[in-house]
Amino acid sequence: MRIAVVRELRDDEQRVALVPDLVGRLTALGYEVVVETGAGLEAQHSDEEYVAAGALIADDPHTDADLVLSVQPLERHEARRLRPGTTTVGFLPVDAVPEVVETLATGGVRSFAMERVPRISRAQTMDALSSQALVSGYRCAIVAAGMLRRFFPLNMTAAGTVPPAEVLVLGAGVAGLQAIATARRLGAVVKAYDVRAAAAEEIRSVGAQAIELDLPTLEGSGGYAREMGEERARLQQELLTPYVAAADALITTAALPGRRAPLLVSRAMVEQMRPGSVVVDLAADTGGNVEGSVAGDVVRIGQAQVWGGRNVASQLPGPASRLYAQNVVNLVALMTRDGVLDPDFDDEIVAASCVTGAPGAAGEGSGA
Ligand code: NAD
């Protein structure tokens, strides 16, 4: 069976769905791997590296592929060119690209969405949300350190002592914890807050001070946070205001699965920050944790520079692609039996991640 690795078409996408190091795992499973010309270049992998790893290179590998691997959803015109019976694996946000999902469904294409892989222990090696959040969290800390016009660490020198930067992280899931750990490694003093009960211990375990507000925790299902009510949001903002005002750098990473990001920091809160302060809003792409942040841009609010994240994991395409490719190859391996792609729909990982073409689905698949 033939696997195609496509070149990403979105202008801000620099990742690739398979790295040369992992070609051998797929060929060992019995697949032939064909990589679209130049697919890995933005992630620093040349066509020659793929060839040396055992792949073929082609200008248009989609049309005769059995399995198509991508990071972003295929464009509609690409989806139209797939043969019935083809399978795709990649991110596939159903609400964001309904027309692509419809094209896949009506074209007889079976599709699997990486963001739908359930977050159970057995699926950890396939959890692309976590692997990409880790990259984003690291990137946020580095952006904050780069924009801030002062040291992160304490420096004691013959000329005197320079105090460390104070970093505040709001939202301490996978990305937030990685942002904390990275800022700590650079020597900053870090405080963090999250609405989940388990978060305080996790924050302390990566070396930051956990802010405990006199508010109830907000646990939702599956270990995720719940949405804040209006009064809760107002109180949380009020209690966090002095922490925001004292921070040299504020990094926000709060998210709610499948929903708009919660607004945690008002414009008025940012206006209280000192001159030269920096705000990094990872959630700018999904509505923003910080009022006024703009995805893909730096804006000034009060005396602070506010950086809005846009497809942040893609900004470190090397490690992001490597980790994503591991996740994808592990999912493909799970669905491969005796050298052919043969997904077992009794397996909850397979069933949960399938969007179109599940057995028994009429036209559209289980999740569409
Ligand atoms: P996420 O990206 O959905 O959200 C990021 C963080 O924002 C979360 O920690 C959330 O609690 C926080 N948040 C939401 N609303 C907030 C608010 N109003 N104020 C402050 N913070 C707010 O989350 P995630 O990083 O994907 O992880 C969510 C949970 O899933 C975590 O408990 C994580 O440890 C867990 N998880 C489990 C597995 C697994 O078992 N395989 C894998 C990954 C993550």
- Item | Answer residue from the stretch 110-138, given it is farther than 16 Å from VAL71 by Cβ and in contact with a strand residue (DSSP E or B) (Cβ under 9 Å, 6 or more places away or on another chain) and is nearest to the ligand (Cβ to nearest atom) among those | GLY137
- Can you pull out the residues in the stretch 104-120 that are crowded, with 21+ Cβ neighbours inside 10 Å and assigned to a helix (DSSP H, G or I)? LEU104, ALA105, MET114
- Query: For VAL162, are the conditions met, namely being aliphatic (A, V, I, L, M) and away from the ligand (no atom under 16 Å from the Cβ)?
  - Reply: yes
- Task: Just one of (1) surrounded by fewer than 16 Cβ atoms within 10 Å (Cβ to Cβ); (2) part of a strand (DSSP E or B) trips up ALA4, so point out which.
- Result: (1)
- Filtered residues of the stretch 147-187 (kept if hydrophobic (A, V, I, L, M, F, W, C), farther than 19 Å from MET269 by Cβ and not in a helix (DSSP H, G or I)): PHE151, PHE152, LEU154, MET156, ALA158, ALA159, VAL162, LEU186
- Message: Given (1) closer than 21 Å to ALA133 by Cβ; (2) crowded, with 20+ Cβ neighbours inside 10 Å, identify the lone condition not met by VAL270.
- Response: (1)
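Given VAL332, VAL355, which one is modelled with pLDDT of 95 or more, over 16 Å from ALA17 (Cβ atoms), of a type in the set (Val, Ile, Thr) and not in a loop (DSSP other than H, G, I, E, B)?
VAL355
The values are calculated or read from the model by the stated rules, or taken from the named source; none is laboratory data. A quick note: this is a predicted structure, and the numbers were derived from the prediction, not measured. Positions of Cβ are backbone-derived with ideal geometry, glycine not excepted, and every protein chain shown enters the neighbour counts.
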